[in-house]
Amino acid sequence: MEKITAPVEMACKRSIVVGIGNPLLKDDRVGIEVVEALQAKGTAVETAILYSAGFDLIEAIMGYDEAVIVDACQIGMTPGTILETTPEELSDRHILINAHVFNLAATLQTGRRHFPDRMPKKLKIIMVQVEDVSTFSTKCTPVVCHAIQDVVALINPGIASG
């Protein structure tokens with residue numbers, strides 16, 4: 001099998017936070033809300049918003065030393081619960097294998113397989129257990145709104161310091 005190579009070489013940048021979500025579905029927008037909160041605080045970390053965990057994610061994090069991905073999950077925990085994990089742990093946790101989370105794990109594995117020198121060496125995934133992802137709304141439920149501030153606090157000291 002032929003190895004895919006990146007089309008352009010680029011210098012590594014320090015870190016990025018990527019929020020994934022649907023801006024029109026209540027709690028599914030949690031990743032977007034975290035990124036918007038970081039932007040509003042004026043943190044130094046670079047940010048990106050994506051609407052899916054597809055191959056655009058690989059492109060968004062490629063070339064960074066460190067990346068944090070924030071996304072919603074529905075895995076049976078109490079709504080508002082925050083789960084920090086790595087791509088390796090995500091792939092190993094059978095409880096997390098649902099259509100949404102599996103796509104994230106598979107995408108990250110693909111990026112590491114095909115672009116091992118360009119993918120972030122440090123990669124953290126923060127998932128928030130959501131309550132309502134089927135109602136059209138531009139606001140999260142109160143419990144998820146509270147979790148957004150907790151996620152911002154987790155990220156801010158960790159990688160947003162410069």
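The values are calculated or read from the model by the stated rules, or taken from the named source; none is laboratory data. Just so you know, these numbers come straight off a predicted model, no measurement behind them. Using ideal geometry, Cβ is built from the backbone for each residue, glycine included, and neighbour counts are taken over all protein chains shown. For the accessible areas, the whole protein counts, side chains as well, though only heavy atoms, and no ligand, DNA or RNA atoms are used. Shrake-Rupley method; radii C 1.70, N 1.55, O 1.52, S 1.80 Å.
Brief remarks on what is shown
- Fraction of accessible area attributable to carbon and sulfur, segment 12-73 (%, probe 1.4 Å): 50 percent
- Cα-Cα over 28 Å, subset of 26/122; 13/41; 13/139: 26/122; 13/139
- Virtual spin-label span in nm between residue 106 and residue 13, 7 Å along Cα→Cβ: 2.8 nm
- To the nearest 10, the accessible area of residue 154 is 70 Å² with a 1.4 Å probe.
- Placing a label point 7 Å from the Cα of residue 145 along the Cα-to-Cβ direction, the residues of segment 41-79 with a backbone N closer than 17 Å are 79.
- Taking a straight Cα-Cα cut-off under 14 Å and skipping sequence neighbours fewer than 8 places away in the same chain, the aspartates and glutamates within cross-link reach of residue 124 are 65, 66, 71, 84, 88, 89.
- With all protein chains kept in place, the per residue accessible area of segment 23-75 amounts to 39 square angstrom at a probe of 1.4 angstrom.
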